[in-house]
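These notes concern the structure reproduced below.
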Amino acid sequence: MRAGLDRLTLQDLRDQLLLEASRIEVDAVLEKVDGLRTAAAKRRHLLVALEALRADDIPDDLQAQQIRWLEEALAALEA
């Protein structure tokens with residue numbers, strides 16, 4: 001991914017690539033969480049993913065859907 005980013009000169013294309021990578025990572029976390037047995041383990045993985053998503057270089061407004069997916073998964077655990 002880094003090599004691809006280095007070749008992209010248009011910021012919109014760089015943002016699009018980063019956003020797609022973020023979406024793939026969130027999908028992977030949600031799949032992993034589905035396979036975990038305990039609510040505590042699920043919660044821990046979701047919180048780590050949410051924290052990482054909010055701390056990365058992509059503006060949160062571009063990742064709003066991925067953030068919402070993680071927050072909804074957390075809310076479902078607490079319901």
Q.
Checking the structure you have, find out if any residue of segment 63-73 is over 30 Å from Gln11 (Cβ atoms) and part of a helix (DSSP H, G or I).
A. yes
Q. When segment 32-71 is examined, which residues are found to be without any contact (Cβ under 8 Å) to a residue 12 or more places away in the chain, over 27 Å from Ala3 (Cα atoms) and open to solvent by 80 Å² or more (accessible area, probe 1.4 Å)?
A. Asp34, Arg37, Arg44, Arg68
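The values are calculated or read from the model by the stated rules, or taken from the named source; none is laboratory data. Quantities reported herein were computed from a predicted structural model and do not represent experimental measurements. Virtual Cβ from ideal backbone geometry, glycine too; neighbours counted across all protein chains shown. Heavy atoms of the whole protein, side chains included, go into the accessibility calculation; ligands, DNA and RNA do not. Shrake-Rupley method; radii C 1.70, N 1.55, O 1.52, S 1.80 Å.
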